Amino acid sequence: MPRIAVIDYDKCNPDKCGHFLCERVCPVNRMGGEAIIIDEENYRPIIQEASCTGCGICVHKCPFNAITIVNLPEELEEGCVHRYGINAFVLYRLPVVKEGMVVGVLGPNGTGKTTAVKILSGQLIPNLCGNNDNWDNVIKAFRGNELQNYFEKLKKGEIRPIVKPQYVDLIPKAVKGKVRDLLKKADETGKFDEVVKELELENILDREIQQLSGGELQRVAIAAALLRNAHFYFFDEPSSYLDIRQRLRIAKTIRRLAESGKNVLTVEHDLALLDYMSDIIHVVYGKPGAYGIFSQPKSTRNGINEFLRGYLRDENVRFRPFEITFTKTGERKAQEGEILVQYPRLVKEYENGSFRLEVEGGELYVGEVVGIVGPNGIGKTTFVKMLAGVEKPTEGEVDWSLTVSYKPQYIKTDYEGTVFDLLSKIDASKLMSNFYKTELLNPLGIPDLYDRQVNELSGGELQRVAITACLIRDADIYLIDEPSAHLDVEQRLAVSKAIRSLMAKNEKTALIVEHDVMMVDYLSDRLIVFEGEPGKYGRALPPMGMREGMNRFLANIGITFRRDPDTGRPRANKEGSVKDREQKERGEYYYL
Ligand code: ADP
Ligand code: ADP
Ligand code: SF4
Ligand code: SF4
């Protein structure tokens, strides 16, 4: 059995573990062998896989959880595609790329999706877990595989790749100028007008890139990719910061791109969207930071269901000890109990008269999680600011003092210091509390980030820290705007669970703005639906039950969802399909 040993050198700290503790406890070393040697030059341990017996003692003894040792099935060995170095991350197998198809990729962050894309886009020649440095050997290694032909073309320079990056927030740092100029420059297909219309960019063409919101940047980045004339298109997390109507629009556009004969690969953690967009999918499993394995291609429905179950049938692999299941909305308990606040009808008109929001009166209960759904720019933030007393209503009165802890949609930070500094300044006692460790900090993987500099975190890490910062603050209401952005599915569910349990146990109330339907479903007791015309006029309905709320919300967008009979997850119906028409006729946009 091939054994891999991976050391996370960012975590390894030989001085703080009592000077190379792993080396001292290793039974092979103690018997005079050399399973662990010390690299004096770099002052770090190296595990020699050939001598290691896989006993796991070093794994358990290392105080910083820096070591992973796994035994992998024999047949994987020949699928070893790339290893970044000794005791570094290993990638097994690759996704297929097919002309005319959208291939979806589903899996945790840190399991090699970007590495695979670097290979498929020709930026990285895979070393085949040895010393390989040329494409000919890669072609040989993939002989008889669907990728052989693809790599042959890649070698000849016949494949031009285009990548829509994951972190669109970083674009303004690299690109300056007006949206129109950027897109004109990208336009190799002559489809400028079509794409601008399709992605609803008309009104922002003359804006500077620097002034765009995250949702606008996302659509500009997708448009720039679509306008290029390439063979292989990769969309890394195209959903972040988009509302659900915009998500479905980009899904259709990406599908059309594939249908025109291109190779399209997409990584997406919004499962309803991935489902809607992909022809086939690969599940990636493994251990983040240590190794990742691409599954066989699977039908979209099966692949997502197997992912949720944590078990891949064809491969006969269980990669997660538990299943992810969904409670039917009808079975959720109706909220009752203590009322936190009863708010009257409120109106807000901003001074320049450009936007008007009308809020119908309602009440919020202690201990509940209320999902807030509706398009971007419809007044969701304005509503909560009024509840918090930050914005004064134009009509109606807010005569209480509720404290609000807020996690904005776009997280910007120039904080200098570590994650631990940042969080302990907010409330050090919560970091020590067993309750917070169990309910929030450990499930979100925060202790692993304590020593990292806040301004060096990736988008997903920053998101988890920002959510934690919001939740450890004392407040009456927690307002969390788009917690899902840049998180993978498991992290989304961990965040949802943490929010639900903290609200219930601390008897607080959370309002969550979210566009990932699966997460809204998983998280919310009730919904507040916002309707209107983004940027002009918004109306907030009173909080209502999940069924009524989802129906109302989805009817506004004209899309229906059904539940997958096996896993209970929400699935978008294809427009005009039998189910879609039937459900619309009955007014059941969200099937229980
Ligand atoms: P994903 O896209 O699934 O989040 P990546 O392909 O970006 O995953 O990275 C997988 C792992 O590979 C990461 O945990 C990272 O530590 C490691 N890795 C990525 N690039 C390098 C590199 N140049 N050298 C060493 N390790 C790397
Ligand atoms: P959402 O949270 O639903 O995205 P917001 O409440 O942030 O919406 O904004 C709704 C509308 O009000 C937007 O068009 C926004 O540009 C406008 N707006 C928000 N704050 C102000 C302000 N302080 N002055 C003028 N207009 C504002
Ligand atoms: Fe110490 Fe862990 Fe690093 Fe080994 S891997 S030297 S035990 S910190
Ligand atoms: Fe040594 Fe056991 Fe660790 Fe292998 S797993 S390096 S044999 S302690």
Checklist line | Sparse-neighbour loop sites [trypsin sites (Lys or Arg not before Pro); the range 345-439; at most 12 other C-beta within 10 Å; DSSP] | finding: LYS412
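Inverting the mean 1/r over all pairs of different Cα atoms, compute the Kirkwood radius of the range 426-584 and quote it in Å. All intermediate terms of the calculation are to be shown ahead of the outcome.
Details: mean 1/r = 0.0568 Å⁻¹.
One decimal place: 17.6 Å for the Kirkwood radius.
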Margin query: If you fit an axis through the alpha-carbon atoms of helix 244-259 and take the longest principal axis of the Cα set of the chain, what angle between them do you get, 0 to 90°, nearest 10?
Written below: 50 degrees
Margin query: Output needed: percent of Cα pairs per 10 Å distance bin for the range 1-93, bins running from 0 to the one holding the longest distance.
Written below: 16, 51, 28, 6
Check: Taking Cα atoms, how many degrees apart are the long axis of helix 459-471 and the longest axis of the chain, rounded to 10 and kept between 0 and 90?
Finding: 50 degrees
Note to self: Given N residues in the range 31-175, what is its alpha carbon radius of gyration divided by 2.2 N^0.38 Å?
What the structure shows: 1.28
Check: P(r) tail for the range 1-46, what percent of Cα pairs lie past 13 Å?
Finding: 59 percent
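Give the calculated FRET efficiency between GLN296 and ASN149 to the nearest 0.05, with a Förster radius of 22 Å applied to their Cβ-Cβ distance.
Numbers: r = 19 Å, r/R0 = 0.84.
Using R0 = 22 Å, I get an efficiency of 0.75.
The chain: D in µm²/s via Stokes-Einstein (Kirkwood Rh, Cα pairs, 4 °C, 1.567 mPa s)?
Values: Rh = 25.9 Å.
The diffusion coefficient I find is 50 µm²/s.
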Notebook entry, point to check: What are the semi-axes of the equivalent ellipsoid for the range 160-223, taken as the square roots of 5 times the Cα gyration tensor eigenvalues, largest first, in whole Å?
Noted result: 17, 15, 11
Notebook entry, point to check: What is the Cα convex hull volume of the range 504-587 when expressed per residue in Å³?
Noted result: 125 Å³
Notebook entry, point to check: Where only protein heavy atoms count, and the probe is 1.4 Å, what is the accessible area per residue for the chain in Å²?
Noted result: 44 Å²
Note to self: Tell me whether the range 354-406 comes out rounded, prolate or oblate; compute the Cα gyration tensor, take square roots of the eigenvalues as a ≥ b ≥ c, and use a/c under 1.5 as the rounded threshold.
What the structure shows: oblate
Next item on the list: Report, to two decimal places, the Cα Rg of the range 470-553 normalised by 2.2 N^0.38 Å (N = number of residues).
Entry: 1.14
Item checked: MRE, 222 nm, helices only [DSSP H, n ≥ 4, -39500 (n - 2.57), over the chain, to nearest 500] -> -9000 deg cm²/dmol
Notebook entry, point to check: Using the scaling law 2.2 N^0.38 Å as the reference, what is the normalised Cα Rg of the range 68-135?
Noted result: 1.17
Next item on the list: Any chance you could list the semi-axes, whole Å, largest first, of the equivalent ellipsoid that the Cα gyration tensor gives for the range 196-306, using √(5λ)?
Entry: 27, 16, 13
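The values are calculated or read from the model by the stated rules, or taken from the named source; none is laboratory data. Every value quoted in this text rests on a predicted model; they were computed, and no experiment measured them. Glycine also receives a Cβ, built like all others from the backbone with ideal geometry; neighbour counts cover every protein chain displayed. These accessible areas exclude ligands, DNA and RNA; they are computed on the full protein's heavy atoms, side chains included. Shrake-Rupley method; radii C 1.70, N 1.55, O 1.52, S 1.80 Å.
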